[in-house]
């Protein structure tokens, strides 16, 4: 039997999913309580039962979506060594296109963060976590003397690539591997370091 708490969490999740879809379709400022309620198939009053305002709903939904994206990408990529991690980053961001609702919603969120203080703070906290994780990776895998600054530059570079590819999809055909490795203080030949027999990288 579904408990009231479980039902509440499920309804809240539906509202946040609806909010992200609508932000991607109509833009942050166009989303209303009624639109969210219709998309989630609930009464408008249910929206305000779970959230103080539609803006609070949008902020919670956007930050939650951004955190899921961050965790799904960073956990896998930063488990890779050397240049492979940077290649993994490029592979991951290649899936962020104008046809992807989450990608479009995230770009809307970045702009909205300049207008909503709570969103700016929460998004800033998430970005700081991402930079810290990347800086720790550089301390272990890189040869840079300034891991925090390098992490900030690489993170900004990747975010910029996503935005530029949304505007100019032809950039997806340009190989960015070399420039990204140089920005990260890495070289192509580091990929072969640590291999035991020069073939597959596994110890025998």
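So if I check each of 187, 177, which one is more than 27 Å from residue 123 (Cα to Cα), more than 20 Å from the chain's Cα centre (by Cα) and either surrounded by 11 or more Cβ atoms within 10 Å (Cβ to Cβ) or modelled with pLDDT of 90 or more (or both)?
Details: 177 fails: more than 20 Å from the chain's Cα centre (by Cα).
Exactly one residue qualifies, and that residue is 187.
Against the conditions (1) within 13 Å of residue 28 (Cα to Cα); (2) assigned to a helix (DSSP H, G or I), residue 114 satisfies every one except (2). Screening residue 63 on (1) surrounded by fewer than 17 Cβ atoms within 10 Å (Cβ to Cβ); (2) assigned to a helix (DSSP H, G or I); (3) in contact (Cβ under 8 Å) with a residue 60 or more places away in the chain shows it passes everything except condition (1). Taking each residue of segment 138-156 that is over 27 Å from residue 110 (Cα atoms) and looking for partners that are outside any helix (DSSP H, G or I) and at pLDDT 95 or above with beta-carbon atoms closer than 8 Å, six or more apart or interchain, yields nothing. When 109, 134 are screened for being part of a helix (DSSP H, G or I) and within 25 Å of residue 56 (Cα to Cα), only 109 passes.
Does segment 3-18 contain any residue that is within 20 Å of residue 159 (Cβ to Cβ), within 18 Å of the chain's Cα centre (by Cα) and at pLDDT 90 or above? For segment 3-18, residues within 20 Å of residue 159 (Cβ to Cβ), within 18 Å of the chain's Cα centre (by Cα) and at pLDDT 90 or above: absent.
Residue 47 satisfies every condition listed in (1) part of a helix (DSSP H, G or I); (2) surrounded by fewer than 17 Cβ atoms within 10 Å (Cβ to Cβ); (3) free of Cβ contacts under 8 Å to residues at least 60 places away in the same chain except (2).
How many residues does segment 40-53 contain that are within 24 Å of residue 113 (Cα to Cα) and either modelled with pLDDT under 95 or over 24 Å from the mean Cα position of the chain (by Cα) (or both)? Spell out the reasoning first.
The initial filter retains those residues of segment 40-53 that are within 24 Å of residue 113 (Cα to Cα), namely 47-48, 50-53.
Restricting the remaining residues to those that are either modelled with pLDDT under 95 or over 24 Å from the mean Cα position of the chain (by Cα) (or both) gives 47-48, 50, 52-53.
Going through segment 40-53 one residue at a time, the tally reaches 5.
Per the conditions (1) farther than 27 Å from residue 121 by Cβ; (2) surrounded by fewer than 19 Cβ atoms within 10 Å (Cβ to Cβ); (3) touching a residue at least 40 places away in the same chain (Cβ under 8 Å), the sole criterion not satisfied by residue 85 is (2). If you take the residues of segment 77-104 that are more than 18 Å from residue 160 (Cβ to Cβ) and part of a loop (DSSP other than H, G, I, E, B), which of them is farthest from the chain's Cα centre (by Cα)? Of everything passing the filter in segment 77-104, 81 is farthest from the chain's Cα centre (by Cα). Restricting the first member to segment 1-28 and to residues that are on the phi > 0 side of the Ramachandran plot, and the second to residues that are loosely packed, with under 13 Cβ neighbours inside 10 Å and assigned to a helix (DSSP H, G or I), no beta-carbon pair is closer than 9 Å while six or more apart or on different chains. Between 162, 121, the distinction of being out of contact with any helix residue (DSSP H, G or I) (no Cβ under 8 Å at 6 or more places or on another chain), assigned to a helix (DSSP H, G or I) and closer than 19 Å to residue 62 by Cβ belongs to 121 only.
When we screen 146, 200 for residues that are modelled with pLDDT of 90 or more, surrounded by fewer than 17 Cβ atoms within 10 Å (Cβ to Cβ) and more than 25 Å from residue 96 (Cα to Cα), the only hit is 146. State all residues of segment 103-133 that are crowded, with 17+ Cβ neighbours inside 10 Å and over 18 Å from residue 155 (Cβ atoms); if no residue qualifies, say none. Selection gives 104, 105, 108, 112, 116, 119. The conditions of being surrounded by 13 or more Cβ atoms within 10 Å (Cβ to Cβ) and in a helix (DSSP H, G or I) are not met by residue 5.
The values are calculated or read from the model by the stated rules, or taken from the named source; none is laboratory data. Just so it is clear, the structure is predicted and the values come from calculations on it, not from any experiment. Cβ: placed from backbone, ideal geometry, glycine included. Neighbour counts: every protein chain shown.
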